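The values are calculated or read from the model by the stated rules, or taken from the named source; none is laboratory data. Everything quoted here is computed from the prediction, not taken from an experiment. Every residue, glycine among them, receives a Cβ derived from its backbone with ideal geometry; neighbour counts consider all protein chains shown.
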Amino acid sequence: MYRVLTGPDDAAFCRRVSEALERGYRLHEGPSVTFDGERVIVAQAVVWPGAGDDGSG
């Protein structure tokens, strides 16, 4: 399973990523960062172990 978490670069976003890791997900690559004109927005992909990193899971 592959998930992409997105949101403002704040403590709540960091908590969501940490919670996914605690549930057993792994980070997939590094985060993506953009600016929406008001705030920094981040995206972090996570994968479930065994789902494969090739996009087929």
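Key figures
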| quantity | calculated |
| --- | --- |
| Residue that is farthest from MET1 (Cα to Cα), among those in region 19-41 that are among the aliphatic types (A, V, I, L, M) and outside any helix (DSSP H, G or I) | VAL40 |
| Near pairs, Cβ below 9 angstrom, 6+ apart or cross-chain, from region 27-39 (of a type in the set (Lys, Arg)) to any residue that is in a strand (DSSP E or B) and surrounded by 11 or more Cβ atoms within 10 Å (Cβ to Cβ) | ARG39/PRO8 |
| Leading residue by the ranking (nearest to GLN44 (Cα to Cα)) among those in region 3-18 that are part of a helix (DSSP H, G or I) and hydrophobic (A, V, I, L, M, F, W, C) | VAL17 |
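To keep it simple, each residue is scored yes or no on (1) modelled with pLDDT of 95 or more; (2) loosely packed, with under 12 Cβ neighbours inside 10 Å.
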| site | (1), (2) |
| --- | --- |
| PRO8 | yes, no |
| ALA11 | yes, yes |
| GLU19 | yes, yes |
| TYR25 | yes, no |
| SER32 | yes, no |
| PRO49 | no, yes |
